[in-house]
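Here the structure comes first, spelled out in structure tokens, and everything after it is commentary.
Only the coordinates and a few stated rules stand behind these numbers; no lab work does. Note that the structure is predicted; figures quoted are calculated from it, not measured. Every residue, glycine among them, receives a Cβ derived from its backbone with ideal geometry; neighbour counts consider all protein chains shown.
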Amino acid sequence: MPSGDFAVTRWSVVLRARDEEATVAHAALSDLCQAYWYPLYAFARRSGCAHHEAEDLTQGLFADLIRRDSLATANPNRGRFRSFLLGAMKHHMADMHTRRQAEKRGGGVPTMSLNADDGDARYAAEPADPAPPDVYFDHRWANVLLQRTLVILEAEYTQAGKQAVFDALRGHIIHTPAGACEDAAGRLAINEGHVRVLAHRLRRRFAELLRQQVADTVGTATDVDDELRHLVACLAGAA
């Protein structure tokens, strides 16, 4: 990814914020929080919180981050929004331990729409995972990045009038199962060689979009490859 493109990602805007850029940086932070709230919610649930308590903690954290001068606590040397967000959540949970949750919620700042009911349903549907809360958070983070990338990829194919191609080949993105090319060829009324070409293009574009999603959550271009490796390890259940 060219360094000129990387400079305008949301987390790099947050990390490099100065007083005159605070409004833009807080907007970028708000967008990132909106996109990646679920791993925090799942972390709170895995840490023993009930649905509404986890929802309140997540909402309260975001209200605090956006209201306070939280940008000063983002360490450019670490450079990962994932690490910043988890550290902030742990601090917030410890702080809230001595307070009444209902008094803290919102704090005069409009709360974000987190689709908390959807979060509860998603958490209930999660497969068994014995990982401790920190690792569980990273697993959920990786899955959110993956799903966001798939949504963007599908939207691109739909806009290009290729929804049928995406539907037939989405199962080929990670690997091509046995017999899948023959099945896709039948669905698309093309030969298997053409299927392989289309599948290669789909995988290549998915990889590009995934890299863009990862770049949006790290501080420097050099962090992208490390974070991608971590993402792959999480998806493989090895993190």
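In order along the stretch 199-204, the Karplus-derived 3J(HN,Hα) couplings, from 6.51 cos²θ - 1.76 cosθ + 1.60 at θ = phi - 60°, round to 5, 4, 5, 5, 5, 5 Hz, and Gly and Pro are given as x. Karplus-derived 3J(HN,Hα) values for the stretch 121-133, using 6.51 cos²θ - 1.76 cosθ + 1.60 with θ = phi - 60°, are 5, 5, 5, 5, 8, 4, x, 4, 8, x, 4, x, x Hz; glycine and proline are entered as x.
Shape of the stretch 129-176 from its Cα gyration tensor (a ≥ b ≥ c, root eigenvalues): rounded if a/c is under 1.5, otherwise prolate when a/b > b/c, or oblate?
Prolate.
One chain, two ends: His200 and Ala35. Fully extended at 0.36 nm per residue, the span grows by 56.6 nm beyond their Cα-Cα distance.
Placing R0 at 22 angstrom, the Cβ-Cβ distance between Ala155 and Asp183 gives a FRET efficiency of 0.35 after rounding to 0.05. The shape of the stretch 111-231 comes out prolate: with a ≥ b ≥ c from the C-alpha gyration tensor, a/c is at least 1.5 and a/b beats b/c. Under 5 Å between amide hydrogens, built in the peptide plane, is the criterion, and for Arg80 it picks out Gly219 among residues at least 5 positions away or on other chains.
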